[in-house]
Every structure is written in structure tokens, then in C-alpha cells.
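The values are calculated or read from the model by the stated rules, or taken from the named source; none is laboratory data. No experiment lies behind these values; they were computed from the predicted model shown. Note: ideal-geometry Cβ built from the backbone for every residue, glycine included; neighbour counts use all protein chains shown.
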Amino acid sequence: MRLLRGRLALLLPLVALPLAAACPCGDPDLCRPIQGAREFEVFVFDVGGGTWRFYNWTHITTVATFGAYDPELMCYAHARGARVVLKGDVPVEKMLEPAARELWITQQVELAKKQYMDGINIDIEQAVNRLSPEYDALTNLVKETTDAFHRAIPGSQVTFDVAWSPACIDQRCYNYIGLANACDFVFVMSYDEQSQNWGECIARPNAPYNKTVSGYEDYINMGIHPKKLVMGVPWYGYDYTCLNLSKDHICSIKPVPFHGAPCSDAAGRQVPYKIIMDQVTSSISGSQWDEEQEAPYYEYKDALGHFHQVWYDDPWSISLKAAYAQQRGLRGIGMWNGDCLNYSRTAVAEQQTEAMWQALIP
């Protein structure tokens, strides 16, 4: 894959703000918030464990910390011009009153300042009805959070995670235009796209290309600017136990209803890419490619004699989506999550891991 040269603009200098004496970095300047913006966002979710040391930091612009606070990560990211942001999660029904929102927002801002963070990624994935009071409360929460962070931490970034499509996925009937306008950009979680399956109960791709792209077209057609959208891709797949596996690779799965749909990906289990890469070489099928879905899969037989089908994303399927993100003018790309790869440093693992990082930049 060819890297686009000149794609990333340099960040502006770090802003000069008074610093507390407790800066954990060897260089106190690294505790100052990042200023400016890159031309193309590469948004990474880190769930803890220290594997961030082995990330490919060439293009990373933002790290959302979903694990325990790691001051060393903050210092390391700032030294490379990347933002580090908090995870924000709160039940929307507790945010109906302005005073409750103000208190929560104040707590998040103070935590970000204490930890020298650059903003917050709000990850609220609960069901919301358009006619419920939560509908407006959620939009107000995001706008008020953005305003408060921008005032308190100049250059800070506030983002919100949305489903792969605006079509009330998993009953998340949000004010998507309002949310996109209320924050710096939204991170579109283009995965778990089989959470509501209204057709046959069979194994399907986690994030098929055409379905993924249709979600972005729906967001854009409803009036959201492409530069407000960051594409999320999965670094994990789903392992389904087949009730029956046909010769033409149709894997029937157990019906597991979800939000009214008769089938869902809850019939399977999530598997990180590092496990998939270990397993696919010893599978009974080897890696297969579905031309219609533009996604890879493989099949194996477990110790009890049950057949399994595993759908996942690899560098090729991700590069197709990354190319779309570039061509459509999206704000950037990112993944859930950065810790799904094999960072053991063996020759094979390094090759597989680097290919996944490079796939993000077409």
C-alpha cells in the first residue's frame, strides 16, 4: 500500500498554560495541551495493558484512554504531537436536569486538567427514543461538554461515538445532526453491524464493506459534513458456532434476539485479531474471501467436533474502507481497539501488526 505523502499537517506549538507542580513528564512542556489539528485523524482506543509502547505512532493523532490512567502514555503521546482524551460515560437519564449535567461536566473537566488530558470521548450507547426527554438531554450534554472543555482547556477536543448508521441502530434514535454540530466530530463505530439481524440466523461479516459505506452515505445525506465523521474499523472478529455448516459455507447459528430482531451477533463471541491470526493457519479452510461482502472468514472444528465460522477484518478489507474514507473526504479513521494486535515482536507478529497499522492510511 502506498502512503500519501504530505497528507498530515504539522501540529501548531503547544499552548502556554500555567502548569501544576505535579507534571509527571520529564519535560514539563509535555504536560501542556496539544494545539492545532491534523489534516487526517487517526483515532486510537487504548484499553490498557501498556501495549501502546508498540503502536505505530507515525500517524496517530488521538488516543482515547479506556483503561486505567497511565501518565507515561500521556507524556509519550504529547511528545509525538498526539492528543490523549478521557472516556466519558454516564446514564443519560441522570442528565435530564441542567444542574446534573453541569456537575458531571465540571468533574470531567477537572479530571482532564488534573491528568493533563486534551479532551474527552463521550461513549454513551444506550437506547433513546425520539419522543423521550433523553433525546434533547443527550444533545445538550454533548454541547455543554464541548463548550466547557473548549473554555477550560484551549485546543481541547470533544468527540462522541455513534453507531454505524443513523437508522436507530439498537434503538439509539439520537439527534445525529445536533450531536455532530455539538462536538468537534463523531466517531462512527462501523462494527457490530449484525447486532440486529432481521433475516436468516446465519453467520455474517462484522463490518461488510457495502453495509459500512451505506451508513456513511446516510449520515452525509442527512446533512452531516464528511469532515465531522471519523470512520471506525474493527480489529476483532466474531467466532460463531455453526448449528449446521453447508458445503457452500453457510453457517446456521443459534437465534439470539436483540432489540426486536430474531438474530444477532450475540450468538457469537468477539475474537481479537491476534487470536485470529494464530488460528487461521491451522483452520480447516484457511482464509477465505467473500466477494459480495468484501470480507474474509475461515472455518475450523473444535475439540468437541463442532464447526465454527469466523468473520473478521484484515489489512485488505480495512484498506478498502480507508480508501473510501479518503475519497469521500471523511475527517479520518480509527479502530477498536489498538490492543487487539500481537505485539510479541516476533518476525511474523511484527509483519501482521504493521500491515494492520498501514492499512489505515491508503
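Counting only residues that are surrounded by 15 or more Cβ atoms within 10 Å (Cβ to Cβ) and of a type outside the set (Val, Ile, Thr), which one in region 252-265 is nearest to Gln309 (Cα to Cα)? Among those residues, the one meeting the criterion is Ser252.
Looking across region 296-331, the residues that are of a type in the set (A, V, I, L, M, F, W, C), under 16 Å from Gly232 (Cβ atoms) and crowded, with 20+ Cβ neighbours inside 10 Å come down to Ile318, Ala322, Ala325, Leu330. Take region 83-112 and flag every residue that is surrounded by fewer than 16 Cβ atoms within 10 Å (Cβ to Cβ) and assigned to a helix (DSSP H, G or I). Selection gives Glu93, Lys94, Pro98, Ala99, Ala100, Glu102, Leu103, Thr106, Gln107, Glu110, Leu111. Yes or no: region 292-309 includes at least one residue that is among the basic types (Lys, Arg), assigned to a strand (DSSP E or B) and touching a strand residue (DSSP E or B) at 6+ places or on another chain (Cβ under 8 Å). Yes: region 292-309 contains one or more residues that are among the basic types (Lys, Arg), assigned to a strand (DSSP E or B) and touching a strand residue (DSSP E or B) at 6+ places or on another chain (Cβ under 8 Å). Just one residue in the set Gly178, Gly199, Gly215, Gly237 is under 24 Å from Gly260 (Cα atoms) and assigned to a helix (DSSP H, G or I); that residue is Gly215. Exactly one residue out of Ala180, Ala167, Ala207, Ala137 is more than 19 Å from the chain's Cα centre (by Cα) and of a type in the set (A, V, I, L, M, F, W, C), and it is Ala137.
Across region 55-73, the qualifying residues are those that are in contact with an Asp or Glu (Cβ under 9 Å, 6 or more places away or on another chain) and hydrophobic (A, V, I, L, M, F, W, C), and the one among them that is farthest from Gln157 (Cα to Cα) is Leu73.
Restricting attention to region 33-52, the residues being at pLDDT 95 or above and either assigned to a strand (DSSP E or B) or under 23 Å from Ile318 (Cα atoms) (or both) number 10. Residues that are touching a Pro at 6+ places or on another chain (Cβ under 9 Å), part of a helix (DSSP H, G or I) and on the phi < 0 side of the Ramachandran plot are absent from region 334-351 altogether.
Out of region 256-275, which residues are without any contact (Cβ under 8 Å) to a residue 40 or more places away in the chain and either in a strand (DSSP E or B) or in contact with a Phe, Trp or Tyr (Cβ under 6 Å, 6 or more places away or on another chain) (or both)? Once the filter is applied, which keeps residues that are without any contact (Cβ under 8 Å) to a residue 40 or more places away in the chain and either in a strand (DSSP E or B) or in contact with a Phe, Trp or Tyr (Cβ under 6 Å, 6 or more places away or on another chain) (or both), region 256-275 yields Arg269, Gln270. Within region 126-137, is even one residue at pLDDT 95 or above, closer than 22 Å to Gly155 by Cα and either surrounded by 22 or more Cβ atoms within 10 Å (Cβ to Cβ) or not aromatic (Phe, Trp, Tyr) (or both)? No, the conditions are met nowhere in region 126-137.
On the basis of being under 21 Å from Ala77 (Cα atoms) and crowded, with 22+ Cβ neighbours inside 10 Å, does Val142 make the cut? In short, no.
Checked against the criterion of being of a type outside the set (Asp, Glu), surrounded by fewer than 22 Cβ atoms within 10 Å (Cβ to Cβ) and at pLDDT below 95, region 199-218 contains one or more residues that satisfy it. Only one entry of Asp147, Asp161 meets the criterion of being at negative phi, charged (D, E, K, R) and in a helix (DSSP H, G or I), and that entry is Asp147. Annotation for region 330-338: no member residue is of a type in the set (D, E, K, R) and under 21 Å from Gln293 (Cβ atoms). Figure legend. Inter-residue proximity from region 205-227: first residues without any contact (Cβ under 8 Å) to a residue 24 or more places away in the chain, second residues among the small types (Gly, Ala, Ser), beta-carbon distance below 7 Å, spacing 6+ or different chains. No pairs are indicated. Of all the criteria given as (1) surrounded by 16 or more Cβ atoms within 10 Å (Cβ to Cβ); (2) outside any helix (DSSP H, G or I); (3) not polar (S, T, N, Q), the one not satisfied by Ala167 is (1).
Anything in region 219-253 that is on the phi > 0 side of the Ramachandran plot and either modelled with pLDDT under 95 or touching a helix residue (DSSP H, G or I) at 6+ places or on another chain (Cβ under 8 Å) (or both)? List them, or say none.
Result: Gly223, single match.
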